[in-house]
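As structure tokens, the structure follows; a few thoughts come after it.
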């Protein structure tokens, strides 16, 4: 029986730059950073409040998961900003918007109110977009 999701993957153009963004700027914890067979780097991060979730920062490269042609297509989609990765929740979107903007994070949409709360659009340094959401209370 499936009990929970433990890992999710974000494809990135460069693992070092992605680590700088997700750990250095967003403040996610580094969970695993190790070299494996044939030089493959297993790099995961995660929110402090979710110790059982690991986000794999997966480089776009040919290997067991995809051939070179597919890797090229995926790289092109990332470079165009066409890849979305989901939603990160915050307890204070205005604070995070100000702090992340000051750090040079690219927001595709400023914080706006919706029926579910306030959200903003963000783009990482690989071209992935995601939403930053503060849920309505109650």
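Laboratory data are not the source of any read-out in this text; all were calculated from the coordinates shown. Please read these numbers as outputs of a predicted model, since none were measured by experiment.
Mind jotting down the distance between the C-alpha centroids of the range 121-138 and the range 54-90, whole Å? What the calculation gives is 17 Å, centre to centre. To the nearest ten degrees, helix 93-102 and the longest principal axis of the Cα atoms of the chain are 60 degrees apart. Judged by the gyration tensor of its Cα atoms, with axes a ≥ b ≥ c, the range 78-129 is oblate; a/c meets the 1.5 cut and b/c is at least as large as a/b. Mean-square fluctuations from a GNM of the chain, with a 10 angstrom spring cutoff on Cα atoms, peak among 50, 15, 94 at 50. For the range 7-135, the relative contact order is 23 percent, taking Cα pairs closer than 8 Å that sit 6 or more residues apart in sequence and dividing their mean separation by the residue count. What value, in deg cm²/dmol to 500, does the helix sum -39500 (n - 2.57) over DSSP H runs of n ≥ 4 give at 222 nm once divided by the residues of the chain? When only DSSP H runs of four or more count, the value is -6000 deg cm²/dmol. Over the range 24-82, Cα pairs under 8 Å with separation of 6+ residues give a relative contact order of 21 percent. Shape analysis of the range 1-68 places it in the oblate category; the axes a ≥ b ≥ c from the Cα gyration tensor give an a/c of at least 1.5, with a/b not above b/c. To the nearest ten degrees, helix 68-80 and the longest principal axis of the Cα atoms of the chain are 20 degrees apart.
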